[in-house]
Every structure is written in C-alpha cells, then in structure tokens.
Amino acid sequence: MTTTVTQTSCDQALKKLIDTVGATGGAVYLGDRERSVLKLAAAVGQRVANDASWPTEMSWGKDAAKRLIEVERDRAPLTVPLLLGEEEVGAVIVSGGRHVARGTETEELSNECRALARALAPEPLPALEDELRRRIPAGACEWLKAVIAAAARGDRDAVMTAFPAMGRRVGREPLGSQSALVRRDGDVEIYLRAWRLDDAGRVALLCAFAGDAEALARELYFSGDLRERCGALRGLAVVGRTASALDPVRDAIRSSAAELFEAALAENPYASRFLPDDEFRHAVLKAAFVGISIARVPGVESRADAELSRMLLSYVTEREVAGRSVPPDVWPVAAMHPTAGLVAKLCGYLEHPATNHRIGAAQALGRIGDRHARPFMSDRLAREDDRTVRRILERALA
Amino acid sequence: MRMFEPHAHMLSRVTDDYEQMALAGIVAVLEPAFWLGQPRTSVGSFVDYFDAIIGWERFRAEQFGMRHYCTISLNPKEANDDRFNEDVLRLLPRYLEKDGVLGVGEIGFDDITPREERFLAAQLELARAHDLPALVHTPHRDKVRGVERTLAIMREVNFPPERVLIDHNTEQTVPLVIDTGCTMGFSIYPDTKMDEPRMVEILKTWGTDRMVINSAADWGKSDPLKIPKTVNLMRQKGMPEHEIEKVVWHNPVSFYAKSGRLDLRELDTPVTPSGQLFQGNSILRGPRA
C-alpha cells in the first residue's frame, strides 16, 4: 500500500476500532515493501504504557505484526495485522483496552481491522498499476502506461486494440497477488488470487477509461477471445455499476469453459450483486457442479435462501446416490436456511474421514444451533484430532 | 522430420485430417482467412469466421497435438462485395491484435479489379500498422499479370518485400518474384496449381532460399498431406535432408517469426490437449475420464 492515505477516513476507522475494543489509544502502521518497515499512518491517543508518543517507524519483520491474539494481561498493547485480501499490508496497535476474549470479540476485532484495511486501500487503478509494476519488465510497463493514458483520454479505439494485445505485452502468467482491490463506492474486496497478469492489465485499462467503462466492458466481452472475455468479466467487478452489463455474465455462466465461468462468478461481486435470485441460485449450483468452490462466490451466504438450500441438498443427494463425492463447502451455505433432513445429514458428515467435510459440517451445525445435534457434536469433539474442527465445535457448543 | 504447414483451411477439414497430418510429422498449421466457398452476405459472418479460426479451430487442432495459428484479412474475392467490404476493414484492427494471429492474409487479387487493388493497399497499410507480415494470394486466372500488379502495389505503398509471402507460385511466376526478396509459396494440389514432381524441379532449378510449400487444403478437392508427400519425393530425388527441412520448417517458421508473435520455444514444446471444453463444446466423443 504505497499511495497516500486520506487522513480522515483512516482516523475515523481507527476511532471506531478503538471503541470496539474499549481501548484508550491506537495507531495504524502501513508496510513499506521496499524497506521492510512499518510507517505510522494514523494515531489516536497515546501509548498508555509509558505515555510516550507512537514511533513513526518500526521494523516490519516476518512476524512483527503477526501476533494477532497477544492478549494483554497488564494493559499491554495488542497488535493486529491489517489484511487486504490475504495480504498483510500493515498493522494496528491498540493500547490498554479491555480484555479481548476469544470467539466473537476477536472476530469482531478482525472484522474491524479488515474494514480499516479497506478504508486505507488505494483506488483500484493505482493498486493494479503497483501490482503490475512489480512483476512485468520495464518495456511492458512503458507500453501499459501509454495505453492507460490513452484510455484516460477516452480513446476508445486504443482500448479496443490494446485489449487483445495485452497477453503478449504483459504476459499471461498468474499475477500471484494475495491482495484485493477495493471499490470506494462498494466497500467490497475483490480478491486478486485467481487473476493473471493480462487480467490485471485489461482491468487497469477499464478502470482508466474516461467514458462508459461498463458498456465498453460489455462490448469487449462479446468481441473478445477467451482471455479477453475473462478480463472483461473481471473488469465488471471493478467498473460495473448497473445491471446493464449482465449479458456477458449470463453468457459466461451458460458456458462450460471453466476458466470463463470462474472469471464471471468466483471472487466477482458484480455477478453476485446484479444477478436476479433465480439466476444467482442456478449459478451457485453450477459452480458446485463444475467443481468451483461456492465459497468463492461473493455474498453467497447473504444471498442464500431456502430455495438455494433445497437445491444444494438435492444436488448432494444426487451425488450420493451415484456414489460420487460431494463438495464440502456446500454445508455452511445450505445451513443459512436449513431444510428438512439437513441437520441429520450434517451429523453424519461430522464423522467423515475428510477434514474439510468435518470442518464444513461443524460450521454448518454451529450456524443452525439445533439442540438435537449437540450430543453428536460433543461425541465428535471427544474424539476429534484436528485443531480447526475442535475449535469450531467448541465455539458451537459454548 | 517436423513440418510447418503454412497454408491450410482446417475449418473445412475433418478430424481424420488432423490425425493424419500429426502422424506424418506436421506439428503446426497456419490457417489463412479466406472466403467460404459460398459467398458471405454480411459482416457478421466474418466476425463468426474470425472468432472460429482464432478460438475453436485452435482448440480442435490442439486435440491432435498440433499448434494452430492464423492470418486475418478481407479476402480478395469478397473485397468486391460492397455489402460489407468497408465494414470488414474496420473490423480488422482488433482481430490483428489477437493472440495467434501471425499476419495479414490472404490478401491480393482474384479478378484484378480496382476494388481489389484498393483493399490490397489498405491491408498492406494495416500490416505495417500492426507490425505484421502479409500473405498474398495470387489469382488463378491471369496469374502473371496478378503477380506483377501485386509487386507494383507493394512498391507504391513502400511495403518491405521481406515481410511478404507471395503464394500459389508456378514456373511462370518464379522469375518475377525470385529477386524481389519476397518469400515464395507453392500450393501442391491433386490436380491444379502445382504438383510434387514440378515442385521438386523448381527447387532444383531455383534453390531453396525463401521457398515454402503448402497444401492449401480447403473444402475443395485437396490433400492436407501434400507437404509430407512432397518431402518423400524430394528424398527420392536426392535432395539433402537439411535442404528439405529448410523448405518445410525453417523457411515458413522464420517468415512468420517476423510477426514477433511466434514463440519458438512454444513450437518446440509438444501440445498437451487439456481435455477441457471450448466454450461449452467438445469434439471428444465417447466416455471421458
């Protein structure tokens, strides 16, 4: 995160976080990749420990900011990493708060920190430029800079010609970023983990375009080859503002080209936001069907309903009857609106030899909170070896 | 011996052809954009065709371990059709930037009309703008005159001859082209154009510099195995292996490498068919793993 942070948004988010924890002061530090240091970005109050001011810079070692739950006993500071996507971009240090309990409070705190990281995130275009600059040769960078400038002048033809050339110019390898883009108007993270270099370049062009970028993305999709189409779909996640560019999403979801389907739905909040309920449900079901984790569909839990739950359970039954495996990530989603028979099935999957199934089933049962399931959960807990499953079961039974 | 087929309209061929070509040693094929036999009636038909040869046909070829490239253009015959010729020209820039497009072609003459001249010149300009070589078709009728006009237009627009492949040459046209610096293509056909014995004679007479051979296989009576068949005859007639390899590999590869888009390491790596579907379609039949 190298761009200048708007001080007010940072201060506001920090204050909110301090209130959540009940602390007296706190500071936000942002990482400087090149120099491996954390730099002070914002501070509220003082360090209670010695009443001294916050250091403006501190070393950013491998584990410096990773001590998430260093619960204070004697009003010692609490350090929480700032995560954008899955990338650590800095740290928050909170002085002398209340005791932070395990469980929900920790979850709330980490949610607040995620919100803070989103508030501090750069705009999508500079973020993408930064990601690409660190990974592509100088010549490709120069070319990209020139076409981004043309896009920013509203030069539609330049974008239309640069779009197909992107793979040759900047490469087609995975981008390899654990980070996420944040739209100022959406407060949603758009994960970059499945993106390729050419996706990032194409989306940067759409972000830069001075004009109707949504309509342009639609047009580029229908005139594009497979890779261009993926870029246009990922672009809609960043520049899509209305349902008017749903055609490409629908086209991609109808397709059986896994790469295209993935670009339309996985980590793509555009599809999740604008697809009507029935189409959204079918898209989620098809994701499960083609082997894309439905957990990668943004908002799948908030949009889940009884009908989706029924469809997923029916799909599971169909797979079981055919003697085929079932994707474990359907359980927590199906549990949002449990249908008849789900709890019993989940109790069965608590005994599944695959850890992922036990994790999914335990999460789902915790979510449903059916008292009839408690004996089965306690019984499993007594024999469970896996730490994650144990933790989820303990929390669910607490 | 590995071979590069620099001119075959694979869209009109069956999968048996791919299989036979691969078995015979052809590892890469270039598909020039051309007409469809049946005249098109609208620009949309070109869009679908271009999409097919940059996507679907490449996918089909890969199922048989073959690399597939193409050239894109408004073909000479349909340059005469005012229902869409201007629209197609406007379509070209975005297709010329697509992956796997190694040149502008086939362009050139069919009936040698003023329209054909205009679209030939315009497309040479496009080749220059997109830094691509050009594949030039020469007419079946009045071929010598067609070659002369082609060379004249190249000079008029100052297009570098080393970036032009003039195709479908015969004994009559070789003397016109041999000293220009253009690469020369020969289409070996069952009945017309050129056959294997004549081809070997031409190579013996004129040498192998900048000479390439192809099958120009399409929907008519043609034979996608004409390159390996000609190779057989070259061997029988005592041509050295390195000369043969020059004609069927090094010459076509180095010509299309001028596009800057032919990844030579990729050419040396065997294609492994992914078994994936292409936009929902598969040409694989029967049970799949």
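Candidate cross-link partners of B:LYS193 among the aspartates and glutamates, defined by an alpha-carbon separation under 16 Å and a same-chain spacing of 8 or more, comprise B:ASP110, B:ASP142, B:ASP167, B:GLU171, B:GLU201, B:ASP218, B:ASP223.
As a size descriptor, the averaged projected area of the C-alpha convex hull of the protein assembly as shown was calculated at 35.7 nm².
Give the relative contact order (percent, whole number) for chain A; include only Cα pairs under 8 Å separated by 6+ residues. Can you show the working numbers first?
On the way: 660 pairs, mean separation 34.9, N = 398.
The normalised contact order for chain A reaches 9 percent.
Grab the eigenvalues of the alpha-carbon gyration tensor for chain A, scale each by 5, take roots, and send me the semi-axes largest first in whole angstrom.
On the way: eigenvalues 256, 229, 53 Å².
Gyration-tensor ellipsoid for chain A: 36, 34, 16 Å.
Histogrammed with a bin width of 5 Å, the alpha carbon distances of the range B:77-163 distribute as 3, 15, 26, 25, 19, 9, 2, 0 percent, first bin at zero. Taking trypsin sites (Lys or Arg not before Pro) as exposed when their DSSP state is a loop state and no more than 15 other Cβ atoms lie within 10 Å, the longest site-free interval of chain B runs over B:3-82. Divided by 2.2 N^0.38 Å, where N counts the residues, the Cα radius of gyration of the range A:109-181 comes to 1.33. When Rg and Dmax are taken over the Cα atoms of the range A:124-265, they come to 13.6, 39 Å.
Using only the C-alpha atoms, the convex hull of the range B:3-268 corresponds to 112 Å³ per residue.
Under 5 Å from the amide H of B:GLU106 lie the amide H atoms of B:ALA33, each residue being 5 or more positions distant or on a separate chain, with H modelled from the backbone and absent for Pro and chain starts.
With the simple spin-label model, which puts each label point 7 Å out from Cα in the Cβ direction, the B:ARG145 to B:LYS221 separation comes to 2.7 nm.
Using the structure shown, list the pairs from A:LYS15/A:LYS39; A:LYS145/B:LYS98; B:LYS98/B:LYS229; B:LYS77/B:LYS246; B:LYS143/B:LYS237 with a Cα-Cα distance above 27 Å, or answer none.
On the way: A:LYS15/A:LYS39 19 Å; A:LYS145/B:LYS98 20 Å; B:LYS98/B:LYS229 33 Å; B:LYS77/B:LYS246 32 Å; B:LYS143/B:LYS237 29 Å.
In this structure, B:LYS98/B:LYS229; B:LYS77/B:LYS246; B:LYS143/B:LYS237 lie more than 27 Å apart at Cα.
When B:THR183, B:THR173 are arranged by Cβ crowding within 10 Å, least crowded first, meaning fewest neighbours, the order is B:THR173, B:THR183. Of all beta bridges that DSSP places with both ends in chain B, some 5 percent have antiparallel geometry.
At a 10 Å Cβ-Cβ cut-off, how would you order A:MET160, B:MET199, B:MET211, fewest neighbours first? Walk me through the numbers before you get to the answer.
Numbers: A:MET160 17, B:MET199 20, B:MET211 23.
With the fewest neighbours first, A:MET160, B:MET199, B:MET211 line up as A:MET160, B:MET199, B:MET211.
At 222 nm, what value in deg cm²/dmol follows for the protein assembly as shown if DSSP H runs of at least 4 each add -39500 (n - 2.57) and the sum is divided by all its residues, to the nearest 500?
That comes out to -14000 deg cm²/dmol.
Give me the log10 of I(q) over I(0) for the range A:334-397 at q = 0.14, 0.27 Å⁻¹, as the Debye formula computes it from C-alpha points; what are the numbers? Reported log10 I(q)/I(0), two decimals: -0.31, -1.22.
What shape does the range A:250-342 have by the C-alpha gyration tensor, where a ≥ b ≥ c are the square roots of the eigenvalues, rounded means a/c under 1.5, and otherwise prolate means a/b greater than b/c and oblate the rest?
Working: a/c = 1.98, a/b = 1.30, b/c = 1.52.
Oblate, because a/c is 1.5 or more while a/b does not exceed b/c.
In terms of overall dimensions, the C-alpha atoms belonging to the range B:1-77 reach 41, 21, 17 Å along their principal axes, ordered largest to smallest.
Every number here is computed from the coordinates shown, using simple stated rules; none is lab data. Note that this is a predicted model, so its numbers are computed, not measured. Note: ideal-geometry Cβ built from the backbone for every residue, glycine included; neighbour counts use all protein chains shown.
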